[in-house]
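Following: one structure in structure tokens, then a few remarks.
The values are calculated or read from the model by the stated rules, or taken from the named source; none is laboratory data. It should be emphasised that the depicted structure is a prediction, and the values quoted were computed from it without experimental measurement. We place every Cβ from the backbone using ideal geometry, glycine too, and count neighbours over all the protein chains shown.
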Amino acid sequence: MMEFFKKHREIIAYLVFGVITTAVSMGVYFLILAVAEHLGGISPEAAEFNAVRLAAQVLQWIAGVLVAFFTNKKWVFNAGGTSTNETARELGAFALGRVGTLGLDTLLTFGTVWILNAFNYVPFKFILTFTADLWSKIVASVVVIISNYVISKFLVFKKK
């Protein structure tokens with residue numbers, strides 16, 4: 001068992017810190033929505049709540065990128081420069097890669113829904129209801145996770 005963990009340490013660490021990053025991102029998103037609703041008195045049904053959602057989406061993405069960057073740099077890939085300039089360059093490349101995979105995520109999400117609906121997909125229930133939207137997020141998530149790993153490993157934190 002220990003041999004398995006040693007052999008696959010990098011991928012296991014990437015997945016563990018991915019879960020942590022996702023928790024932080026979602027926490028930021030829902031915290032902002034809760035603050036707007038409970039402290040700001042903005043109802044989720046109100047039109048201005050969409051601006052809050054957009055702000056929450058942007059801030060959750062920033063929080064997620066920052067958490068992912070520093071955990072990937074230190075504990076996943078054990079790589080990268082130590083100078084401020086090198087770290088800034090890596091952070092820029094990392095964020096640019098994440099913007100790219102955000103676009104990929106959006107294309108796959110909408111594309112998968114469109115394809116499934118074009119073929120008259122009928123949702124089914126097995127613990128969850130497997131709607132076209134759920135399938136689209138599953139497909140997009142798998143592709144994005146793999147893409148983010150490849151970008152981080154070979155472009156951002158590449159060994160010199």
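General remarks:
- Residue within the stretch 102-110 that is more than 19 Å from I62 (Cβ to Cβ), loosely packed, with under 12 Cβ neighbours inside 10 Å and of a type in the set (V, I, T) present: no
- In the stretch 84-97, the residues that are within 14 Å of K74 (Cβ to Cβ) reach residues that are assigned to a helix (DSSP H, G or I) and of a type in the set (F, W, Y) with C-beta atoms within less than 8 angstrom, at least six apart or across chains, in these pairs: E90/F69; L91/F69; F94/F69.
- Residue within the stretch 44-53 that is closer than 27 Å to S136 by Cα and of a type in the set (K, R) present: yes
- When the stretch 1-23 is filtered for residues that are closer than 17 Å to N148 by Cβ and either charged (D, E, K, R) or surrounded by fewer than 17 Cβ atoms within 10 Å (Cβ to Cβ) (or both), the ones remaining, listed by number, are E10, I11, I12, L15, V16, V19, I20, T22, A23.
- The residues on offer are G97, G103, G111, G92, and the sole one that is in the same structural domain as F154 (by TED's automatic domain parsing), touching a Leu at 6+ places or on another chain (Cβ under 8 Å) and either outside any helix (DSSP H, G or I) or not polar (S, T, N, Q) (or both) is G97.
- Filtering V67, V35 for residues that are in contact (Cβ under 8 Å) with a residue 24 or more places away in the chain, surrounded by 12 or more Cβ atoms within 10 Å (Cβ to Cβ) and among the aliphatic types (A, V, I, L, M) leaves a single hit, V67.
- E37 falls short on exactly one of the conditions (1) touching a Leu at 6+ places or on another chain (Cβ under 9 Å); (2) at pLDDT 85 or above; (3) more than 30 Å from S147 (Cβ to Cβ), and that condition is (1).
- Residue within the stretch 139-151 that is over 26 Å from K73 (Cβ atoms) and surrounded by 14 or more Cβ atoms within 10 Å (Cβ to Cβ) present: yes
- Conditions (1) surrounded by 12 or more Cβ atoms within 10 Å (Cβ to Cβ); (2) without any contact (Cβ under 8 Å) to a residue 40 or more places away in the chain; (3) over 18 Å from Q57 (Cα atoms): number failed by V122: (1)
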